[in-house]
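Here's the structure we're looking at; comments come further down.
The values are calculated or read from the model by the stated rules, or taken from the named source; none is laboratory data. Just so it is clear, the structure is predicted and the values come from calculations on it, not from any experiment. Here Cβ is always computed from backbone atoms with ideal geometry, including for glycine, and neighbour counts include all displayed protein chains. The area values use the complete protein model at the heavy-atom level, side chains included, leaving out ligands, DNA and RNA. Shrake-Rupley method; radii C 1.70, N 1.55, O 1.52, S 1.80 Å.
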Amino acid sequence: MNEVELRQLRCLVAIVDEGTFTDAAIALGVSQAAVSRTLAGLERALGVRLLRRTSREVTPTGAGARVVERARRVLADVADLVQEAVSGPRRLRIGYAWSAVGRHTVAFQRGWTAAHPGTELHLVRVNTASAGLGEGACDLAVLRRPLEDRRFDSAIVGLERRLCALAADDPLARRRTVRLADLTGRVLLVDRRTGTTTPELWPPESRPVVEETHDVDDWLTAIGAGRAVGVTAESTANQYPRPGIVYRPVRDAAPVAVRLAWWRDDPHPAHQAVLELLSDLYRTG
């Protein structure tokens with residue numbers, strides 16, 4: 001593996017793209033003999049024949065086609081690495097567990113694109129405690145519960161009301177607001193890994209019956225069927241409106257803090273810009 005060099009991969013791709021050794025040499029700015037030697041070195045390192053050469057054309061072997069495909073990806077990754085080192089990141093992945101940043105999501109996406117057109121923003125739903133940050137699925141994460149993992153740091157960007165999700169024909173759905181006590185004895189559906197609701201919101205003597213779920217669609221389906229109720233951050237209602245389900249404010253429950261999290265020892269270069277934009281949206285929105 002150590003014998004394979006980037007120049008060899010570039011040479012192979014150039015031969016395939018240009019169609020001849022002569023044209024590949026011109027594209028690479030080297031001699032035709034250098035192209036032949038470089039390809040031969042790559043074939044020795046891999047132990048397979050990569051190209052078929054005739055008087056009319058050069059075509060990849062089966063193994064060669066597979067190597068060319070991988071070589072293109074490797075060269076693209078290296079180009080991205082160089083670009084990020086010189087000019088900053090070209091892509092930013094922000095993970096979230098259930099509901100991104102709720103009603104601010106579209107404004108955040110558009111605001112980011114307008115202010116940072118060179119860095120493509122991707123929102124990624126990952127239902128883990130770190131919303132994909134610890135798993136390497138994202139660069140930053142939007143969370144609605146504190147992270148105990150000391151590898152990460154975070155800051156609060158805003159607050160969201162706590163809402164109760166109910167079936168539309170539930171008697172409580174006729175009210176404009178509900179209290180925590182109204183849910184005593186009901187079946188409460190929670191996600192203990194990522195959710196913002198725990199039985200500790202209620203006094204010990206008046207807690208609801210708790211059942212667990214790990215997916216927002218399953219949560220909504222059970223609530224819509226009237227089998228359970230849910231208590232969630234306001235962003236869930238913005239992100240997941242669904243026929244047959246209503247959301248009502250819980251007037252005696254504390255709001256939910258929305259946090260942006262990043263790696264403590266290696267924060268993404270864009271984390272401060274994201275922090276400022278989200279904080280501004282929550283403050284003015």
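Points to keep in mind about this one:
- Val82 vs. criteria closer than 30 Å to Thr113 by Cα, touching a residue at least 60 places away in the same chain (Cβ under 8 Å) and hydrophobic (A, V, I, L, M, F, W, C): no
- Of the residues Val210, Val258, Val246, Val274, the single one that is in contact (Cβ under 8 Å) with a residue 60 or more places away in the chain, more than 30 Å from Pro117 (Cα to Cα) and not in a loop (DSSP other than H, G, I, E, B) is Val246.
- When Leu143, Leu188 are checked against the criterion of being touching a Pro at 6+ places or on another chain (Cβ under 6 Å), open to solvent by less than 30 Å² (accessible area, probe 1.4 Å) and at pLDDT 95 or above, Leu188 stands alone in meeting it.
- Thr197 satisfies every condition listed in (1) surrounded by 14 or more Cβ atoms within 10 Å (Cβ to Cβ); (2) in contact (Cβ under 8 Å) with a residue 60 or more places away in the chain; (3) assigned to a loop (DSSP other than H, G, I, E, B) except (2).
- Arg93 within 30 Å of Thr113 (Cα to Cα), touching a residue at least 24 places away in the same chain (Cβ under 8 Å) and open to solvent by 80 Å² or more (accessible area, probe 1.4 Å): no
- Qualifying residue in region 263-278 (condition: open to solvent by less than 10 Å² (accessible area, probe 1.4 Å), modelled with pLDDT of 95 or more and within 18 Å of Val157 (Cβ to Cβ)): yes
- Ala181 being open to solvent by 20 Å² or more (accessible area, probe 1.4 Å) and either within 21 Å of the chain's Cα centre (by Cα) or aliphatic (A, V, I, L, M) (or both): yes
- Just one of (1) under 30 Å from Gly285 (Cα atoms); (2) of a type in the set (Val, Ile, Thr); (3) surrounded by fewer than 13 Cβ atoms within 10 Å (Cβ to Cβ) fails for Thr54. It is (1).
- Residue match in region 204-215 (condition: in contact with a Lys or Arg (Cβ under 8 Å, 6 or more places away or on another chain), loosely packed, with under 15 Cβ neighbours inside 10 Å and hydrophobic (A, V, I, L, M, F, W, C)): yes
- Tabulated pairs, region 12-30, first under 19 Å from Ala45 (Cβ atoms), second open to solvent by less than 40 Å² (accessible area, probe 1.4 Å) and of a type in the set (Phe, Trp, Tyr), C-beta under 8 angstrom, 6+ apart or interchain: Ile15/Phe21
- Test: His122 is in contact with a Gly (Cβ under 6 Å, 6 or more places away or on another chain) and not in a loop (DSSP other than H, G, I, E, B): no
- Residues (open to solvent by less than 30 Å² (accessible area, probe 1.4 Å) and not in a strand (DSSP E or B)) located in region 31-51: Ala34, Val35, Thr38, Leu39, Gly41, Leu42, Leu50
- Within region 136-156, residues that are hydroxyl-bearing (Ser, Thr, Tyr) reach partners that are not in a loop (DSSP other than H, G, I, E, B) with beta carbons closer than 7 Å, at six or more positions or on different chains, in the pairs Ser154/Leu143; Ser154/Arg259; Ser154/Leu260; Ser154/Ala261.
- Any hit, region 82-90, residues being in contact with a strand residue (DSSP E or B) (Cβ under 8 Å, 6 or more places away or on another chain), charged (D, E, K, R) and within 30 Å of Asp139 (Cα to Cα): yes
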